[in-house]
1. Taking R0 as 25 Å, what's the FRET efficiency between D106 and R145 from their Cβ-Cβ distance, rounded to 0.05?
2. Could you give me the ³J(HN,Hα) list for segment 33-40, computed from phi with Karplus coefficients 6.51, -1.76, 1.60 and θ = phi - 60°, whole Hz, x at Gly and Pro?
3. Listed highest first by mean packing, meaning other Cβ atoms within 10 Å per residue, what order do 154-164, 120-130 come in?
4. Report the gain in length on full extension from M119 to N83: 0.36 nm times residue separation, minus Cα-Cα distance, nm rounded to one decimal.
5. Which order do the peptides 41-47, 63-69 take when ranked by the mean count of other beta-carbon atoms within 10 Å per residue, highest first?
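Read the figures in this text as sums done on the coordinates, not as results from a lab. These numbers come from a predicted model, not from an experiment. FYI the Cβ positions are ideal-geometry reconstructions off the backbone, even for glycines, and counts take in every protein chain you see.
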Amino acid sequence: MTDNVDAIRLQGGTLSELYLQYAPGALRLAYLLTGDRSLAEDLVQDAFVKLTGRLMHMTDPDGFHAYLRTTMINLTKSHFRRNAVERRYAERQTEPPPIQGPDLGDRDRLRIALMQLPMRQRTAVVLRYYEDLSEVQTADLMGCRPTTVRSLVARGMSSLREMTEDD
């Protein structure tokens, strides 16, 4: 193992000398691949950190430049792949933008008023207007006649108007 390290030392000197010799070219490569100088600098640093542990395993001391170039390309690919995964995850985690509609204060007042209706009136109003069911379908679900549904909806809507007009 020490023979490989010695071979690399003979070829380019110490790690700091290798860095001084090859880092500018690696930085140019990373910048051309990423378009971001600070990211390119980070990738060069990461590449040399990775290569530090692998110097002993290099069989060809003249291949350091090619090995560094391959490491730079792989790190760049990994960076963009990781960013894409993070972006997709963040998009799934964020709430969709609120739908532009009526004033949320009006919506809250209407919800509170709806909750104050008697259960049968509330059920009739919700089935008719929220679920968009016909009077016959609503009557079937509620177990009453369509005329009863019509009456419940009329009284419920009247009460809702009164409760929401006061505010």
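1. 0.15
2. For segment 33-40, the Karplus curve yields 7, 9, x, 10, 5, 5, 5, 4 Hz.
3. So the order, starting with the most tightly packed, is 120-130, 154-164.
4. Result: 7.8 nm gained on full extension.
5. Answer by packing, highest mean first, reads 41-47, 63-69.
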